[in-house]
1. Can you tell me which residue in the range 1-36 is surrounded by the fewest Cβ atoms within 10 Å (Cβ to Cβ), limited to those that are touching a helix residue (DSSP H, G or I) at 6+ places or on another chain (Cβ under 8 Å) and over 30 Å from residue 69 (Cα atoms)?
2. Identify all residues within the range 10-34 that are touching a residue at least 40 places away in the same chain (Cβ under 8 Å) and either more than 11 Å from the chain's Cα centre (by Cα) or closer than 22 Å to residue 46 by Cα (or both); write none if there are none.
């Protein structure tokens, strides 16, 4: 197993986090677009995926910044 520096590991983690961020953002946009107000569950799904996409987006940004700070 090849040793990776902490910066490379943080960069790899930030790429993996994007695999959660992009689908969560797509589900949020689709559920918001088809929600007409009749179904409260779509509202909760859109809120949950909005929270998930914001949280993973912030995590990806923090990991990317850490990969630049820690070489």
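Read the figures in this text as sums done on the coordinates, not as results from a lab. Since we're looking at a predicted model, the values are computed, not measured. Because the Cβ atoms are built from the backbone with ideal geometry, glycine has one as well, and the counts that use them run over all protein chains shown.
1. The selected residue is 34.
2. First, pick out the residues of the range 10-34 that are touching a residue at least 40 places away in the same chain (Cβ under 8 Å): 10-11, 13-14, 17-18.
Within the range 10-34, 10, 11, 13, 17, 18 meet the criteria.
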